[in-house]
Amino acid sequence: MSLTLRTISREQHLAYIQSLPAASHMQVPGWADVKAEWRSENLGWFDKTGQMVGAGLVLYRQLPKIKRYLAYLPEGPVINWFSPNLTDWLQPMLAHLKQQGAFSVKMGPPVVIRRWDANAIKTGIADPDVKRLRDVEATFIEPRAFEVADQLRRMGWQQGEDGGAGFGDVQPRYVFQVPLENRSLEDVHKGFNQLWRRNIKKAEKAGVEVVQGGYEDLATWQHLYEITAERDKFRPRPLSYFQRMWTALNSEDPNRMRLYFAVHEGEAVAAATMLIVGGHVWYSYGASANHKREVRPSNAMQWRMLRDAYALGASVYDLRGIGDSLDENDHLFGLIQFKVGTGGQAAEYLGEWDFPLNKLLHKALDIYMSRR
């Protein structure tokens, strides 16, 4: 299969993404405006007839002092990953990126390798000998994903030594998803564990209301988000980041990003952002106040977001990253415990892969990053 690759316009890129059932929100043209500190390029793959058959958003980060770039395709490119000959797709891409001055390429194939359902995870949590998700027998394994990994290795792509402890990559390797396809809402609600169902009821009884907000409400979001950052000890992104995200994504598609608030007695006590690309809906960022936790605003908000995703005809509601530790003392354990209550499934992606176009500079960057 002979494929050609060339730079395409944002309009062509968007039209291609819109023709697909779904794609990562990090592979839509508007994502380039969210990541304003990177230079960007839209790539298209074409078959012999001139038909576009794949697309990719590349972000270029310049190395300090020299005109060389790290080329990054977050959760992309959007190509046929199960093609028997990935070389046909990736060789033209590497040649093009090298021409553009890239010394190293990082990409995240959107390929799921294993899935664990909620019961398998609960069994793992209850077993004191089980410390990690991969110690639990997977409910579903995608044999073709192993083929993809083999092809990439043979082509000279490399993966981080750690084998991915969860957040070792730039994007999380393990995520939690609630499948919605061919299910009734009743069935989804039944899948929640007792605690979740009880908390949803509790919030309803207490009079928690979930409402959608707009651009003008991002300051309220920011306030809750900064409280959360202090409580959970992470560095918050500035308000300008979320304003830029809102403007960039919603000017591309008015229904790309949403903002939700759980309100109790007139006060916003929890908030979340939601992203939508075709049939894939993500719960992206979440925040909550330190008080009024007993009225369970987060559960109420998730249930509303899930119902809205369902109403949009989504095939999956994605709660994004989890660590792979099932050890109750691990700092990321609360995340998986909260998310597993939705009755969904944990999914392991292939993780991110690097191709050193210039081995010396690639090594230098590795050392630089490890010291940061």
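Some notes on this structure:
- For segment 152-297, diffusion coefficient by Stokes-Einstein and Kirkwood Rh (Cα), 37 °C, 0.692 mPa s, µm²/s: 184 µm²/s
- Estimated at 0.36 nm per residue, the fully extended path between Phe333 and Arg244 surpasses their Cα-Cα distance by 28.9 nm.
- Ratio of the Cα radius of gyration of segment 57-196 to 2.2 N^0.38 Å, where N counts its residues: 1.33
- Taken along its three principal axes, the alpha carbon spread of segment 54-100 comes to 41, 19, 11 Å, from the longest extent down to the shortest.
- Within segment 295-372, the GluC sites (Glu not before Pro) that combine a DSSP coil assignment with at most 12 other C-beta atoms in a 10 angstrom radius are Glu328.
- Solvent-accessible area of Tyr215 with every protein chain in place, 1.4 Å probe, in Å² to the nearest 10: 100 Å²
- CD proxy at 222 nm, helix term only [per DSSP H run n ≥ 4: -39500 (n - 2.57); per residue of the chain; nearest 500]: -11000 deg cm²/dmol
- Translational diffusion coefficient (Stokes-Einstein; Kirkwood radius from C-alpha pairs) of segment 1-101 at 37 °C, 0.692 mPa s, in µm²/s: 235 µm²/s
- Think of each Lys and Arg Cβ as +1 and each Asp and Glu Cβ as -1; about the Cα centre, that makes the dipole of segment 275-340 roughly 400 debye.
- Taking GluC sites (Glu not before Pro) across segment 76-182, the ones in a DSSP loop with at most 12 further Cβ atoms lying within 10 angstrom of their Cβ are Glu137, Glu161, Glu181.
- With 10 Å bins beginning at zero, the pair-distance distribution over Cα atoms of segment 1-54 amounts to 22, 52, 23, 3 %.
- Segment 1-48: trypsin sites (Lys or Arg not before Pro) in DSSP loop, at most 12 other beta carbons within 10 Å: Lys48
- With the simple spin-label model, which puts each label point 7 Å out from Cα in the Cβ direction, the Lys233 to Leu195 separation comes to 2.1 nm.
- With 0.36 nm allotted per residue and the present C-alpha distance subtracted, the Ile367-Ala219 stretch has 49.5 nm of extension available.
- Estimated D of the chain in µm² per second, where Rh is the Kirkwood radius over Cα pairs and Stokes-Einstein applies at 4 °C, 1.567 mPa s: 59 µm²/s
- For segment 327-368, taking Cα atoms only, Rg and Dmax work out to 17.7, 47 Å respectively.
- With q set to 0.23 Å⁻¹, the log10 of I(q)/I(0) for segment 278-372, from the Debye formula over equal scatterers at the Cα positions, is -1.25.
- Expressed as a fraction of 2.2 N^0.38 Å, the C-alpha radius of gyration for segment 113-222 is 1.50.
- Segment 31-65 and segment 242-282 have Cα centres separated by 25 Å.
The values are calculated or read from the model by the stated rules, or taken from the named source; none is laboratory data. These figures come from a predicted structure and were not determined experimentally. Every residue, glycine among them, receives a Cβ derived from its backbone with ideal geometry; neighbour counts consider all protein chains shown. Side chains included, ligands, DNA and RNA excluded: accessible areas come from the protein's heavy atoms. Shrake-Rupley method; radii C 1.70, N 1.55, O 1.52, S 1.80 Å.
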